[in-house]
1. Between their Cα atoms, which of LYS106/LYS131; LYS131/LYS225; LYS171/LYS225; LYS106/LYS171; LYS104/LYS170; LYS131/LYS194 are more than 18 Å away from each other?
2. Give the residue list of chymotrypsin sites (Phe, Trp or Tyr not before Pro) in the stretch 121-221 that are DSSP loop and have at most 16 other beta-carbon atoms within 10 angstrom.
3. Amide H of ASP162: which non-local residues (sequence gap of 5 or more, or other chain) have their own amide H closer than 5 Å, using H built in the peptide plane?
4. Enumerate the calculated ³J(HN,Hα) couplings along the stretch 127-144 in order (Karplus 6.51 cos²θ - 1.76 cosθ + 1.60, θ = phi - 60°), each rounded to whole Hz, writing x wherever the residue is Gly or Pro.
5. Return the FRET efficiency for the residue pair ASN30, SER187: r is the Cβ-Cβ distance, R0 is 35 Å, and the value is rounded to the nearest 0.05.
6. Could you calculate the FRET efficiency of ILE159 with ASP80 from 1/(1 + (r/R0)^6), where r is the beta carbon distance between them and R0 is 22 Å, rounded to 0.05?
7. Under a crude label model (7 Å from the Cα following the beta-carbon direction), how far is ASN276 from ASP197 in nanometres?
8. Mind giving me the FRET efficiency for SER136 and SER110? R0 is 30 Å, r the Cβ-Cβ distance, nearest 0.05 is fine.
Amino acid sequence: MKRLFYIFSLFFLIIACEQSDINFELEQANDVVVYGYIEDGQNPIVFLTYSANFTGKFDSSSLSKQLIADAIVNVYSSADSEQLSFKRGDEFIPPFYYEANQLKGKVGESYRLKIEIDGRVIEAVTTIPEKEEIDSMWFVANASNSDGQIWISMQDNNIGDDFYRILTRKKGSQGAFYPTLNYGAFSDHLFEGKSVDLSLLRGLENYVAPFGGVYFEIGDTIEVKLNTMDRISYDIWKQVQNEIFNYGNPLSAPNNPVGTNIIGGIGAWTGYGSNNYTINIRQ
């Protein structure tokens with residue numbers, strides 16, 4: 001059950017506030033769950049909770065009890081460091097996280113995360129790889145002419161292995177970016193050094209509620225984020241993506257191990273090289 005809450009934490013923490021409460025009860029365990037990331041040009045953000053078992057009823061108030069609000073969180077680069085501040089952000093549940101005020105990510109730099117809580121020291125290291133570009137984007141409507149798929153074209157470089165995530169956000173109604181259903185974690189294994197066209201399916205906002213559909217609706221403005229990441233981060237997110245594909249819901253998956261790059265805890269600390277794009281969906 002510990003592994004299930006690890007996946008649950010990574011995703012549920014970024015569910016928009018309008019999502020309804022869910023019937024699970026949490027019994028606090030001892031592991032610290034870390035979900036943190038740093039993008040080039042952006043401040044690092046870290047969510048911290050205790051791991052838990054599911055036994056019955058659950059709502060957003062229950063999850064808030066798992067929140068860690070008194071940790072000392074620092075991020076170090078080769079040239080800089082900063083202690084992160086505890087903040088509120090209403091686009092998240094629970095709406096609290098740690099964020100730097102000055103330190104920003106840089107491509108090619110490594111970042112060490114250090115968390116001190118309850119006499120424990122939890123650490124992780126990640127890097128921000130070179131960014132990649134989306135060359136073009138277009139929309140292909142379904143037969144209903146009310147929705148369809150976004151397509152992108154990108155040229156992979158021919159220098160070693162590359163690892164990607166594609167996320168989307170509906171402008172004006174979604175506060176967070178959500179991984180696309182089919183390209184939440186992928187590599188250039190099949191198209192290294194080549195141009196490739198990819199069709200995107202809308203990602204899930206809530207991994208424990210019925211899914212509203214995989215297509216993008218005509219009339220919406222969609223922001224698309226292309227992230228690059230290192231191999232360790234890819235391995236973690238690929239395993240999580242596989243859980244979603246194989247079992248449809250990470251809470252109902254068998255107790256298979258999911259990787260982590262956190263020493264002294266569980267979760268993920270990920271560096272991203274990021275490029276953002278916008279497409280207005282029209283017929």
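Please treat every number below as a calculation from the coordinates, not as lab data. All values reported here derive from a predicted model rather than from experimental measurement. Here the Cβ is made from the backbone with ideal geometry for all residues, glycine too, and neighbour counts use every protein chain on show.
1. LYS106/LYS171; LYS104/LYS170
2. Sites meeting the loop and neighbour criteria: PHE191, PHE211.
3. ASP188
4. For the stretch 127-144, the Karplus-derived couplings read 10, 10, x, 4, 7, 10, 10, 8, 7, 7, 9, 8, 10, 10, 6, 6, 4, 6 Hz, x marking Gly and Pro.
5. Working: r = 34 Å, r/R0 = 0.98.
Once the sixth-power term is evaluated, E becomes 0.55.
6. Using R0 = 22 Å, I get an efficiency of 0.20.
7. 2.8
8. Between SER136 and SER110 the formula returns 0.40.
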